[in-house]
Amino acid sequence: MSTTEPDALLGPADIRELAAALGVRPTKQRGQNFVIDANTVRRIVRTAEVRPDDVVVEVGPGLGSLTLALLEAADRVVAVEIDDVLAGALPATVAARLPERADRFALVHSDAMLVTELPGPAPTALVANLPYNVAVPVLLTMLERFPTIERTLVMVQAEVADRLAARPGNKVYGVPSVKANWYADVKRAGSIGRTVFWPAPNVDSGLVSLVRRTEPIRTTASRAEVFAVVDAAFAQRRKTLRAALAGWAGSAPAAEAALNAAGISPQARGEALTVEEFAAIAENKPEPSA
């Protein structure tokens, strides 16, 4: 791999200059906060353990801060950008700052929630500064649609990072924790201060690492069936599972029967269960009575 000039990455002045030239103002509606610190994007790439043979997909590349750092380290980068102006400008930024890597970059101008295929070789990693208002659905959708993604590192709001990485019994353990764990081993991978963004958000950010399970969870239930139990359990998280799953099972006694069959106390609450236990409940869903 050829060495790159140290100034290939974007600094605060570059970001503001690019934004001004494009007439871009970060919008709250799209949760846009651009990273303006080159050391932070280098740290993200390092923490993500991006390898020279990786095909990295990046969601919400914005003006390209992280994109350029990923291109320096990976074999290929595919960026998914919904914003018309940003999508239009990014290829030119890549060509200007990393001309020798420009042929290894591809842009998909779309909403990440609608993307079902990506150009080129299958992605092996997902690295992204996710817009905070859609972070969880985008993350789960990408993991579901692109099973070749082995490693993921996302920057999200600190509170969302805590929720994704929470373990059973933790007060913030919930739907995102269980669903992320269906796909991967999830852990917190660091914190990011507010000053590295423009505009500076009024919340702290966190890094979350997700390493895809080498063996899927062993269950005869489908992902959709397991997730239906998870959604029902946490829709009324203060209730016992016997009560919370009554609608899902058809009645409270039917829920109790399913829980007993799965070896789980009907008096337990959703926040105490592992993803494997939710799968066991799904396997024991009673047949609807005629």
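A short reminder: the numbers here are calculations on the coordinates, not readings from a lab. Since the model is a prediction, treat every value here as computed from it, not as a measurement. Counting neighbours? That spans all protein chains shown, and the Cβs are built from the backbone with ideal geometry, glycine included.
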**Item:** Relative packing of peptides 63-69, 147-153 - highest average C-beta neighbours within 10 Å first
**Value:** 63-69, 147-153
**Item:** Under 12 Å from the ASN39 label point (7 Å along Cα→beta-carbon), backbone N, region 187-213
**Value:** 193, 196
**Asked** Gain in length, THR116 to ASN260, computed as 0.36 nm per residue apart minus the alpha-carbon separation, to one decimal in nm?
**Response** 47.9 nm
**Asked** If amide H atoms are built 1.01 Å from N in the plane of the peptide, which residues on other chains or at least 5 residues away come under 5 Å of the amide H of GLY190?
**Response** LEU207
**Request:** Just the Kirkwood number for the chain, please: inverse of mean 1/r across all distinct Cα pairs, in Å, one decimal.
**Result:** 20.2
**Asked** Which residues in region 148-176 have a backbone N closer than 16 Å to a point placed 7 Å from the Cα of GLU49 along the Cα-to-Cβ line?
**Response** 149-154
**Complete:** Here, trypsin sites (Lys or Arg not before Pro) of region 185-236 satisfying both criteria (DSSP loop; at most 10 other Cβ within 10 Å) are ARG218
**For region 178-202 versus region 90-140, the gap between their alpha-carbon centres in whole angstrom** = 18
**Message:** Please give me the summed charge of the neighbours of GLY120: other residues whose Cβ is under 12 Å from its Cβ, Lys and Arg +1, Asp and Glu -1.
**Reply:** -1
**Separation in nanometres of the label points that stand 7 Å from Cα toward Cβ, at ASP185 and ALA95** = 4.3
**Message:** Rounded, prolate or oblate, given the Cα gyration tensor of region 94-233, with a/c below 1.5 counting as rounded?
**Reply:** oblate
**Complete:** Diffing region 136-147: the Karplus 3J(HN,Hα) column from phi (6.51, -1.76, 1.60, θ = phi - 60°), in whole Hz with x for Gly and Pro, holds 5, x, 5, 4, 5, 5, 5, 5, 6, 7, 10, x
**Request:** May I ask for the distance between the Cα centers of region 216-290 and region 5-24, given as a whole number of Å?
**Result:** 51
**Prompt:** 222 nm [θ] for the chain, helices only, -39500 (n - 2.57) per DSSP H run of 4+, per residue, to 500?
**Reply:** -11000 deg cm²/dmol
**Request:** Calculate, in nm to one decimal, what GLN267 and VAL85 gain on full extension: separation in residues at 0.36 nm each, minus their alpha carbon distance.
**Result:** 60.2 nm
**Item:** Spacing of the two label points (7 Å from each Cα toward its C-beta) at ALA158 and ALA224, in nm
**Value:** 4.0
**Complete:** Checked region 78-127 against the a/c 1.5 cut and the a/b vs b/c comparison, axes a ≥ b ≥ c from its Cα gyration tensor; verdict oblate
**Prompt:** Modelled label-to-label distance, VAL172 and SER251, 7 Å Cα→beta-carbon offset: nm?
**Reply:** 4.1
**Cut-off 11 Å between beta-carbons: net charge of the residues surrounding LEU107, Lys and Arg +1, Asp and Glu -1** = -2
**Fill in**
The set of residues whose placed amide H lies less than 5 Å from the amide H of ASP204, leaving out same-chain residues fewer than 5 positions away, is ALA158
